[in-house]
Number of protein chains: 2
Amino acid sequence: MGDGAFTVVATDGAARAGVLRTAHGDVPTPAFMPVGTKATVKGIDPEALRSLGARMVLANTYHLHFRPGADTIEALGGLHRFMGWEGPILTDSGGFQVFSLRDTILATDEGGVSFRSVYDGREERFTPELAADVQRQLGSDVAMCLDICLPADAAPAELELAVARTTAWARRQLAAPRAAGQLVFGIAQGGTHPELRRRSLEEIAALGCDGHALGGLSVGEERELMLDTVGWAAPLLPAGRPRYFMGIGDPEGILAVIERGIDMFDCVLPTRLGRTGSALTWAGRLNLRNRCYSRDSQPLDPSCSCPACARFSRAYLRHLVNQQELLGLILLSLHNVRFLLDLTAGARVAIERGEFGVYRDAALARIAQGQSAREVAK
Amino acid sequence: MGDGAFTVVATDGAARAGVLRTAHGDVPTPAFMPVGTKATVKGIDPEALRSLGARMVLANTYHLHFRPGADTIEALGGLHRFMGWEGPILTDSGGFQVFSLRDTILATDEGGVSFRSVYDGREERFTPELAADVQRQLGSDVAMCLDICLPADAAPAELELAVARTTAWARRQLAAPRAAGQLVFGIAQGGTHPELRRRSLEEIAALGCDGHALGGLSVGEERELMLDTVGWAAPLLPAGRPRYFMGIGDPEGILAVIERGIDMFDCVLPTRLGRTGSALTWAGRLNLRNRCYSRDSQPLDPSCSCPACARFSRAYLRHLVNQQELLGLILLSLHNVRFLLDLTAGARVAIERGEFGVYRDAALARIAQGQSAREVAK
């Protein structure tokens, strides 16, 4: 099943295993995409990232447009060469940044959105045409459409206007020039409002995008309501195109969206947690600042083979974190990314075997048991 | 020539090529030792450090004594296992830290030095016996004697007392238990005062240390006077033992002390420069913040094969530095350490060929020409 750049190779309930074919290689799905906001996954060398098993990374149109500028990146041979990552890259549209930095917005109108840059306060404007052009210059494998991303609790009238404009903007962006081989994904909005979400899905799906994202669902709304929405909305998207949920990275959330038919997702969580001294493990989340690790000679996660787990103890990592040593941030970031890649790879295998439910339950039970065992031990 | 753990394999004027044999492997000399103050060379994974060509690293008794504590490191199997570095490690004595944090000193007496810890302000005391014991627990390959390190412009009477106590302390420390296979180096003080420096050298050399350091010469005195002192002092040390100059890391300085008979040296310069956005190259020092690199597709140094130079452009490194991205600090630190290791390895080959003078002149001319060519281009 599938057409164009995406093939579904197995399903298990709503969950899908597939392959996304891009100009820079194939990506097995479900796929967790580490986030390289400013053309670098924070603290991780691209060669190390590949060794961890990452296949596709995300980069940020808003930030790269302003620093160092898409002209510069294009002049240097495109984003892949610039950042030393030869694998597939997805670039977001910048819409999420503009609309989540709400204080900087000056005006949203039919044509686009005007705002003040967070870099220098200058007035700037994003339009669908600019989003297309910047991403063409970056040369990403998947470009995202510029959307209007409102908080889930926005007023229905606001949401309705955002849905209408998001569709109109996507139509314009899809008509604009793109990089050779570049796929373009549309984004459905509508918050958790059933009618508006459905309308947005139908309108975006009708445009013939190479893939579809569910946007605006990780912005502060309740987890249950968000998952309910994913649960009924994802299956309404064309089955033969990849489905991307923007911004989820906790193990429970990843398994929940995979279960509901999502193929791709991204999150800054693993690197952000790494920089604040926390590790995602099969025994739950470890805060390395905790005194209980001060003489703990075990690896972070005995079942992990990442560089942090293969060569260092929790005690050493705690020392590095407490002393604010760069190597601590690096090693924890490596580990956390690896953990989510492994979790996702395991989900894919389980889907192919028709055992996704068993895998999900076992993974969640293992994480919960480890967490509570450690809490009892304290 | 040489006895015990050190063999001189070639000389060229005063310059020497040798091998230091330690419990964790041989170290060809001259040797640049990257500094892992808190049991990590800032921003560099030990595996990467080895790939760069580092053979021996330095770690800091003062800092490790307080955080995480030598008991903890001993309980975890010693410093090598703790920090994931299987090669030789030299630990300083903590004397340099205590005496360079002058505001924290409470009293220096025959027995030792009392001071307030920079970590929590508590009153602490270092004695030669404690310096021996902490380094025994750490299990370093080379332990340094606790010395009294005064500024080069200290009053002669002060210097004289420091020299006398440094000798007495070294005698006590050498009599204390040490780790299996651990070498102990004495440190000669005396500033740039000819008579006191000579007296310190003679007294320390008479103690039968495994090696000798020239201390107190990188603390703010004039470069010329320091080099003059090294020039006449180094040859007075026993020829069959390694000579260590503490704290030099600029290319000119490294070549100058090698020329004067120094075998080992260390410095935080390469990693500190890396963290502030500067690169040591064969074309001089590059400040990556400079606008001239914004579209520069060249590697940092075309003749370098480190990860930064092999895979990234100056423009990308500049972007990372300007955006305060961790990867920028990491890559520049890797490169700078590699540059000094390569410079030092080249010096060794030149000494073996009897061409050290030619090597030094060519290296300095190349660096100076590159620097001035770039200044003209601006």
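The values are calculated or read from the model by the stated rules, or taken from the named source; none is laboratory data. Because the structure is predicted, anything quoted here is derived from the model rather than measured. Cβ: placed from backbone, ideal geometry, glycine included. Neighbour counts: every protein chain shown.
Take the conditions (1) outside any loop (DSSP other than H, G, I, E, B); (2) modelled with pLDDT of 95 or more; (3) not basic (K, R); A:L207 misses just one of them, which is (1). Identify the residue in segment A:328-378 that is of a type in the set (D, E, K, R) and touching a strand residue (DSSP E or B) at 6+ places or on another chain (Cβ under 6 Å) and, among all such residues, is surrounded by the fewest Cβ atoms within 10 Å (Cβ to Cβ). Only one residue fits best here, namely A:E352. Among the candidates A:I262, A:I258, the residue that is buried (at least 24 other Cβ atoms within 10 Å of the Cβ), assigned to a loop (DSSP other than H, G, I, E, B) and touching a strand residue (DSSP E or B) at 6+ places or on another chain (Cβ under 9 Å) is uniquely A:I262. A search for C-beta distances below 7 Å between a residue of segment A:331-346 that is assigned by TED's automatic domain parsing to the domain that holds A:G284 and of a type in the set (G, A, S) and any residue that is modelled with pLDDT of 95 or more and buried (at least 24 other Cβ atoms within 10 Å of the Cβ), counting only pairs 6+ apart in sequence or on different chains, returns A:S333/A:G43; A:S333/A:I44; A:S333/A:P270; A:S333/A:T271; A:S333/A:G274.
Restricting B:Q324, B:Q298 to those that are of a type in the set (S, T, N, Q), within 22 Å of B:K42 (Cβ to Cβ) and either in the same structural domain as B:L255 (by TED's automatic domain parsing) or free of Cβ contacts under 8 Å to residues at least 60 places away in the same chain (or both) reduces the list to B:Q324. Cβ separations smaller than 9 Å between residues 6+ apart or across chains give no pair from segment B:32-54 residues that are of a type in the set (K, R) to residues that are surrounded by fewer than 21 Cβ atoms within 10 Å (Cβ to Cβ) and part of a strand (DSSP E or B).
The sole residue among B:L52, B:L20 that is within 14 Å of chain A (Cβ to nearest Cβ) and hydrophobic (A, V, I, L, M, F, W, C) is B:L52. The set of residues in segment B:306-318 being within 7 Å of chain A (Cβ to nearest Cβ) and free of Cβ contacts under 8 Å to residues at least 12 places away in the same chain consists of B:R311, B:Y316.
Within segment B:277-296, take every residue that is within 14 Å of chain A (Cβ to nearest Cβ) and farther than 17 Å from B:V376 by Cβ and give me the one that is surrounded by the most Cβ atoms within 10 Å (Cβ to Cβ). My answer is B:L288. There is no residue in segment B:228-236 that is outside any helix (DSSP H, G or I), in the same structural domain as B:I44 (by TED's automatic domain parsing) and modelled with pLDDT of 95 or more.
Taking A:A175 as the residue in question, decide whether it is surrounded by fewer than 20 Cβ atoms within 10 Å (Cβ to Cβ), closer than 22 Å to A:R55 by Cβ and either in contact with a His (Cβ under 8 Å, 6 or more places away or on another chain) or not hydroxyl-bearing (S, T, Y) (or both).
no
Among the residues of segment B:61-73, is there at least one that is closer than 20 Å to B:L340 by Cβ and surrounded by 23 or more Cβ atoms within 10 Å (Cβ to Cβ)? No, the conditions are met nowhere in segment B:61-73. With respect to being β-branched (V, I, T), closer than 24 Å to A:R55 by Cα and modelled with pLDDT of 95 or more, A:V321 falls outside the description.
Checking segment B:363-375 against the condition returns no match, with no residue being within 14 Å of another protein chain (Cβ to nearest Cβ) and over 26 Å from A:E47 (Cα atoms). Of all residues in segment A:1-20, those being among the charged types (D, E, K, R) and buried (at least 17 other Cβ atoms within 10 Å of the Cβ) number 2. The criterion of at least 2 residues that are in contact with a helix residue (DSSP H, G or I) (Cβ under 7 Å, 6 or more places away or on another chain), within 14 Å of chain A (Cβ to nearest Cβ) and modelled with pLDDT under 95 is met by none of the helices (runs of 4 or more DSSP H) falling completely within segment B:60-131.
Of the residues A:S313, A:S303, the single one that is crowded, with 21+ Cβ neighbours inside 10 Å, polar (S, T, N, Q) and not assigned by TED's automatic domain parsing to the domain that holds A:V35 is A:S313.
Among the residues making up segment A:23-49, those that are part of a loop (DSSP other than H, G, I, E, B), closer than 14 Å to A:L90 by Cα and away from chain B (no Cβ under 14 Å) are A:A23, A:H24.
Considered as a group, the residues in segment A:167-204 that are among the β-branched types (V, I, T) and not in a helix (DSSP H, G or I) include one that is nearest to A:L138 (Cα to Cα), and that residue is A:V184.
Taking each residue of segment B:119-143 that is farther than 21 Å from B:R81 by Cβ and touching a residue at least 60 places away in the same chain (Cβ under 8 Å) and looking for partners that are polar (S, T, N, Q) and in a helix (DSSP H, G or I) with beta-carbon atoms closer than 8 Å, six or more apart or interchain, yields B:A131/B:T61; B:A131/B:Q173.
Residues are listed down the side, and each one gets a yes or a no for (1) in contact with a helix residue (DSSP H, G or I) (Cβ under 7 Å, 6 or more places away or on another chain); (2) charged (D, E, K, R); (3) over 23 Å from A:G253 (Cβ atoms); (4) surrounded by fewer than 16 Cβ atoms within 10 Å (Cβ to Cβ):
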position	(1), (2), (3), (4)
A:S200	yes, no, no, no
A:A213	no, no, no, no
A:E222	no, yes, no, yes
A:T229	yes, no, no, no
A:A233	yes, no, no, no
A:A239	no, no, no, no
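Considered as a group, the residues in segment A:149-166 that are of a type outside the set (G, A, S) and not in a helix (DSSP H, G or I) include one that is surrounded by the fewest Cβ atoms within 10 Å (Cβ to Cβ), and that residue is A:D153.
Restricting attention to segment B:83-113, the residues being farther than 26 Å from B:C209 by Cβ and surrounded by 15 or more Cβ atoms within 10 Å (Cβ to Cβ) number 2.
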